[in-house]
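One structure is given below, encoded as structure tokens.
The values are calculated or read from the model by the stated rules, or taken from the named source; none is laboratory data. Since this is a predicted model, take the numbers as computed values, not measurements. As a convention, Cβ positions derive from the backbone with ideal geometry for all residues, glycine included, and neighbour counts pool all protein chains shown.
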Amino acid sequence: MQKEAVQKQTVQKKKHPILRVLAAILAALVLCVAFSFILSYHALHTSYYSVTSEKLSASFRVVSLADIHGSTFGKENKRLIKRVKDASPDLILLPGDLINKYDEDTSDEEALVRELCKIAPVYISAGNHELEYDREHGFSYDPGSEGDSVLARFEAAGASVLEKSYQDIEVKGQRIRIGGFYGYGIPDEYAESWMRDELPFLKDFQDTEDFTMLLCHMPYTFLVLKGLDRWDFDTVLSGHVHGGQVRFPFFGLLSKYQTGKEDMKFPYWGGLWAPDQGRFPGRLSGVYTSADGERTMVLSRGLGNTDRIPRFNNIPEIVVVDYGPK
Ligand SMILES: [Fe+2]
């Protein structure tokens, strides 16, 4: 009996260290997951890209802030504003989803626009959330008017709103055509009738010798339908897909939307889900180029989120692009 008791005690003593190690690993995992969630909502990462074009004669810098969705970084967005200021941009671009469609109050976002306008000229194009907000409240955007549309509020705060419109501006002594629209920009051969009303604007927009920069919230055409080969937009800045929300290594390998050689350099990091593309949408951030390397899309992971699928392992991203001559 005594011998049996000693044996049991020995087995129990052997189990304890293993359980302790397992508990420690589990606790570390829980901490890592919690930490990653916190980083994915409150930290800031700045990505730097360089894009060249034969149409450019001088270099300039833009900051793109996509999909803010009403998120704040520091009191009154001071951390975000400082980061943008430190980047010294020539233009600040917000390609959609600055708000959430169910926001009661948009004064924080208007205040952010006012602060950004003190740093550099700000250009905004609509995301689905701005349009859904307006639709829900019975507002519609009328350029230059002081209506209740959320886009008109951003205009009153100092930004230039680009909604199926463009401006020919001068940056560092060269003319650039900057435009924006909400839509897919599906090329003629794929466009269904309901998509066709945006085509006249896009054809008019690209009809210039100047460098063209398009704010287009939705990247689908350029990711999946080779829109960079079919349109003559020199650079497109997009968001919408939030980097695939939940990001893990190897998810990229499961994607059916690898779009070219450039993607294959980084096939491993991929997102869990993206609107229009569903599960495992592939690599959803960075710079994508046309087949001839002449045109680019700069796709941001965005800074905020709606509440459908949480951000995980996906630090809010400020995109800095240095454009320059070839
Ligand atoms: Fe969004």
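When the residues of the range 199-246 are filtered to those that are surrounded by 19 or more Cβ atoms within 10 Å (Cβ to Cβ) and among the aromatic types (Phe, Trp, Tyr), which remaining residue is nearest to residue 278 (Cα to Cα)?
220
Residue-by-condition table, conditions (1) farther than 20 Å from residue 231 by Cβ; (2) within 16 Å of the ligand (Cβ to nearest atom); (3) touching a helix residue (DSSP H, G or I) at 6+ places or on another chain (Cβ under 9 Å); (4) touching a residue at least 60 places away in the same chain (Cβ under 8 Å):
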| residue | (1), (2), (3), (4) |
| --- | --- |
| 156 | yes, no, yes, no |
| 167 | no, no, no, no |
| 171 | yes, no, no, yes |
| 186 | no, no, yes, no |
| 190 | no, no, yes, no |
| 196 | no, no, no, no |
| 203 | no, no, no, no |
| 209 | no, no, no, yes |
| 220 | no, yes, yes, no |
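Which residues, taken from the range 94-120, are assigned to a loop (DSSP other than H, G, I, E, B), touching a strand residue (DSSP E or B) at 6+ places or on another chain (Cβ under 6 Å) and over 15 Å from residue 151 (Cβ atoms)?
Matches in the range 94-120: 120 only.
Restricting attention to the range 88-111, which residues are away from the ligand (no atom under 16 Å from the Cβ) and either within 18 Å of the chain's Cα centre (by Cα) or not aliphatic (A, V, I, L, M) (or both)?
Hits for the range 88-111 are 88, 89, 90, 91, 92, 104, 105, 107, 108, 110.
Would you call residue 45 in contact (Cβ under 8 Å) with a residue 12 or more places away in the chain and under 20 Å from residue 309 (Cα atoms)?
Criteria not met by residue 45.
Cβ contacts < 8 Å: first residue in the same structural domain as residue 112 (by TED's automatic domain parsing) and surrounded by fewer than 21 Cβ atoms within 10 Å (Cβ to Cβ), restricted to the range 123-141; second residue of a type in the set (Phe, Trp, Tyr) and part of a helix (DSSP H, G or I), any location; separation 6+ or different chain. Result?
139/133
Restricting the search to the range 259-313, which residues are modelled with pLDDT of 85 or more, more than 13 Å from the ligand (Cβ to nearest atom) and assigned to a loop (DSSP other than H, G, I, E, B)?
Once the filter is applied, which keeps residues that are modelled with pLDDT of 85 or more, more than 13 Å from the ligand (Cβ to nearest atom) and assigned to a loop (DSSP other than H, G, I, E, B), the range 259-313 yields 272, 280, 285, 290, 291, 292, 293, 294, 295, 310, 313.
For the range 125-157, give me each residue that is at pLDDT below 90 and not acidic (Asp, Glu).
137, 138, 139, 140, 141, 143, 144, 145, 147
Considering each of 140, 238, 160 in turn, give the residue that is of a type in the set (S, T, N, Q) and within 16 Å of the ligand (Cβ to nearest atom).
Answer to the selection: 238.
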